[in-house]
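Each remark here refers to the structure printed beneath this line.
The values are calculated or read from the model by the stated rules, or taken from the named source; none is laboratory data. Everything quoted here is computed from the prediction, not taken from an experiment. Reconstructed Cβ throughout: ideal geometry from the backbone, glycine too, with neighbour counts over all protein chains shown. Only protein heavy atoms, including side chains, enter the accessible area calculation; ligands, DNA and RNA are left aside. Shrake-Rupley method; radii C 1.70, N 1.55, O 1.52, S 1.80 Å.
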Amino acid sequence: MNHNNGKGRCFFSVLALTAILPLGAQSPSFKQGQWMEIFNSVMRNVSRYYVDSLPVDKMYTDGISKMLSNLDPYTVYVPESGQDDFEMMITNSYGGMGAVIYKPELDGNVIINEPYEGSPAALAGLRCGDEITAIDGQSTHGLTVAQSSSRMKGKPGTEVVLDVVKVRSGEQVQLRIVRQKIHLPDIPYYGMLDGSTGYIQQVGFTAGVSEQLRDAVIDLKGRGMKRLVLDLRGNGGGLMDEAVKILSIFLPKGTNVVSSKGVDGEFHYTTPYDPVDVKLPLLVMVNSASASASEIVAGAVQDLDRGVIAGERTFGKGLVQKLVPIAYNGQLKVTTSKYYTPSGRCVQAKDYSHRREDGSVGNIPDSLTREFKTLSGRIVRDGGGIAPDMKLEEKEYDRITYAVAYGGLTDNYPVEYCRSHESVADPGNFSMSDADYAAFVDWAVEQNFDSRSESETYYDMLVSQLKKDGEYEYAKESLAALEQVVKIDKRTALERSRSQIQPLLEQEIAIRYGFQRAGVQVALRYDDQLRSALQSWK
């Protein structure tokens, strides 16, 4: 006789249901195991049956890279073979002799373009235009720029032997140079713009930059500085700790300047040191290439009403990464959290968690951004970088200037200039004469670059489209008159764009004689954004 009166059946049904649910709603760990099995099965069978030998290393590294690219651009796998390049990317340092090189011809010599200030290359007497014919006894003929650079790099303390032809004397010498750890400076220049305004250009956030900036502020105050411009334009960021320490220079010790929230929890970061000056008027300049740690500094200064942010809206990178060691001496740089400014806003502009059907990523729409308030009650918004308090238009260049710059002419012409000029009187105030620019034009017209104006490119597109549509013959006569207007030769194009090209050339030539600081000084003469900011800064 059955005395369960239905309860047993009900209990059994519940047990059966709970046993079945995980199969329909599979856990992430189950899915990972399933796909790992599929992946290994595919690789085993491809290895067994594929007609040719497999490029196994490339298949795996490409596969990992493609897999991680579905997350965000900052989560990346770095194999052991890529550690040197990765270290250069995150520390701005490498082992070598400290010089920029180029090679106009594969079967030619390596040419020194720019030795870094204080580097082994500069101390050994290498100058712009010197030519390297052999590296450690091996001819540079037939080597690419990358191969030549690789041979000159190496562990600090080791020696590299260069056979060199000096640029002006033609003398052939052999130099033995001991490699050092080369660190490209995060602060290439600081100084006084006038009797009371200090200026610091900061281009990175690698270890130790906060100490350098603190020393620079103290030095400028000693020179009579009453207000400071901190230029973070083009600064793509780096270490969050360095950003916090930099804010410690201008804010009271213990001030909350940034927080992070992620898989490891929520953390608040406060200024760790006594400040240098909490009342010094501060203007922070930013643009669309100011990102990450630059936005932490700008966001805190804005939220705490500690200074004025001037320029353009910043990049909008509100994601934080950490390095995790993985098998076979590799590393995984993985996004673990988002950071938030003191008012509570996240500046992240791209929404990587919600991709379009084609895999592309869009910006967070304005309709989904939220309002926050600064310490004094001013309204600021999240979801797309730091909007400046003082918006300044970015300088625009014509198509010829872009072609000259991206075609390498502004980088390579200084070598030609150095071949015929032993020195310049004052690199920081260098200026090209009419004869100097004419010499550049004579050289440039012989170079291979696209010298078409914007109008000419549109004209060429119009002609191409008319031909596709079968209407070119009908429009030929009308186009002839238009062609006379828009088509100009290289020389004319270079002369018309002199006002834009010459400042770029002067900056690069100044660097060859006075290193990076001289180049910054020349660039400041033409900095319309900075000039506008100073005029409007109250």
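Looking across region 380-403, the residues that are open to solvent by 100 Å² or more (accessible area, probe 1.4 Å) and over 20 Å from the mean Cα position of the chain (by Cα) come down to 381, 391, 393. Condition test on residue 288, is it polar (S, T, N, Q) and part of a loop (DSSP other than H, G, I, E, B)? So residue 288 fits the description; yes. In region 94-109, the qualifying residues are those that are in a strand (DSSP E or B) and without any contact (Cβ under 8 Å) to a residue 60 or more places away in the chain, and the one that is nearest to the chain's Cα centre (by Cα) is 100.
For region 420-464, a residue qualifies if it is touching a residue at least 60 places away in the same chain (Cβ under 8 Å) and aromatic (Phe, Trp, Tyr), and the qualifying residues are 430, 437, 440. Note on region 113-133: among residues that are in contact (Cβ under 8 Å) with a residue 60 or more places away in the chain and open to solvent by 40 Å² or more (accessible area, probe 1.4 Å), the one that is nearest to residue 169 (Cα to Cα) is 127. The residues of region 423-443 that are open to solvent by 50 Å² or more (accessible area, probe 1.4 Å), among the acidic types (Asp, Glu) and part of a helix (DSSP H, G or I), listed by number, are 434, 442. The set of residues in region 468-493 that are under 44 Å from the mean Cα position of the chain (by Cα), surrounded by 12 or more Cβ atoms within 10 Å (Cβ to Cβ) and assigned to a helix (DSSP H, G or I) comprises 479, 482, 483, 486, 490, 491, 492, 493.
For region 250-286, a residue qualifies if it is free of Cβ contacts under 8 Å to residues at least 40 places away in the same chain and crowded, with 19+ Cβ neighbours inside 10 Å, and the qualifying residues are 269, 271.
Within region 207-218, residues that are closer than 13 Å to residue 280 by Cβ have Cβ atoms under 6 Å from residues that are open to solvent by less than 20 Å² (accessible area, probe 1.4 Å) and not in a helix (DSSP H, G or I) in these pairs: 214/249; 216/200; 217/249, counting only partners at least 6 apart in sequence or on another chain.
Among the residues of region 71-79, is any farther than 30 Å from residue 416 by Cα, open to solvent by 60 Å² or more (accessible area, probe 1.4 Å) and in a strand (DSSP E or B)? The answer is yes; a qualifying residue exists. Would you confirm whether or not region 496-517 contains a residue that is over 29 Å from the mean Cα position of the chain (by Cα), assigned to a helix (DSSP H, G or I) and either more than 22 Å from residue 127 (Cα to Cα) or modelled with pLDDT of 95 or more (or both)? Looking for residues that are over 29 Å from the mean Cα position of the chain (by Cα), assigned to a helix (DSSP H, G or I) and either more than 22 Å from residue 127 (Cα to Cα) or modelled with pLDDT of 95 or more (or both), one finds at least one in region 496-517, hence yes.
When you look at residue 273, is it within 20 Å of residue 323 (Cβ to Cβ) and hydroxyl-bearing (Ser, Thr, Tyr), yes or no? Spelling it out, it is not the case that residue 273 is within 20 Å of residue 323 (Cβ to Cβ) and hydroxyl-bearing (Ser, Thr, Tyr). Here residue 376 fits the description: open to solvent by 50 Å² or more (accessible area, probe 1.4 Å) and over 30 Å from residue 455 (Cβ atoms).
The lone criterion from (1) in contact with a Ser or Thr (Cβ under 7 Å, 6 or more places away or on another chain); (2) at pLDDT below 95; (3) buried (at least 20 other Cβ atoms within 10 Å of the Cβ) left unmet by residue 348 is number (1).
Going through (1) within 30 Å of residue 519 (Cβ to Cβ); (2) touching a strand residue (DSSP E or B) at 6+ places or on another chain (Cβ under 8 Å); (3) of a type in the set (D, E, K, R); (4) exposed (fewer than 15 other Cβ atoms within 10 Å of the Cβ) one by one, residue 136 falls short only on (1). Close Cβ contacts (under 7 Å, 6 or more residues apart or on different chains) running from residues in region 154-174 that are of a type in the set (Ser, Thr, Tyr) to residues that are at pLDDT 95 or above and surrounded by 12 or more Cβ atoms within 10 Å (Cβ to Cβ) comprise 158/179. Annotation note: of 57, 85, the sole residue that is modelled with pLDDT of 80 or more and closer than 29 Å to residue 153 by Cβ is 57. Could you tell me whether residue 255 is touching a helix residue (DSSP H, G or I) at 6+ places or on another chain (Cβ under 7 Å) and not small (Gly, Ala, Ser)? So residue 255 does not fit the description; no.
How many residues does region 172-202 contain that are more than 27 Å from residue 418 (Cα to Cα), assigned to a loop (DSSP other than H, G, I, E, B) and either open to solvent by 30 Å² or more (accessible area, probe 1.4 Å) or aliphatic (A, V, I, L, M) (or both)? Counting residues in region 172-202 that are more than 27 Å from residue 418 (Cα to Cα), assigned to a loop (DSSP other than H, G, I, E, B) and either open to solvent by 30 Å² or more (accessible area, probe 1.4 Å) or aliphatic (A, V, I, L, M) (or both) gives 4.
Right, residue 237: touching a Phe, Trp or Tyr at 6+ places or on another chain (Cβ under 9 Å), surrounded by 23 or more Cβ atoms within 10 Å (Cβ to Cβ) and touching a residue at least 24 places away in the same chain (Cβ under 8 Å) or not? No, not satisfied. Every listed requirement among (1) in a loop (DSSP other than H, G, I, E, B); (2) among the hydrophobic types (A, V, I, L, M, F, W, C); (3) closer than 15 Å to residue 508 by Cβ is met by residue 112 save one, (1). With respect to residue 279, is the statement that it is among the basic types (Lys, Arg) and not in a loop (DSSP other than H, G, I, E, B) true? Criteria not met by residue 279. When the strands (runs of 3 or more DSSP E) confined to region 296-344 are screened for residues that are under 28 Å from residue 376 (Cα atoms) and open to solvent by less than 30 Å² (accessible area, probe 1.4 Å), those reaching at least 3 such residues are found at 308-311. Within region 357-367, is even one residue modelled with pLDDT of 90 or more, open to solvent by 30 Å² or more (accessible area, probe 1.4 Å) and of a type in the set (Ser, Thr, Tyr)? No: region 357-367 contains no residue that is modelled with pLDDT of 90 or more, open to solvent by 30 Å² or more (accessible area, probe 1.4 Å) and of a type in the set (Ser, Thr, Tyr). Here the condition is being assigned to a loop (DSSP other than H, G, I, E, B), of a type in the set (Ser, Thr, Tyr) and either open to solvent by less than 60 Å² (accessible area, probe 1.4 Å) or out of contact with any helix residue (DSSP H, G or I) (no Cβ under 9 Å at 6 or more places or on another chain) (or both); of 169, 210, it holds for 169 alone.
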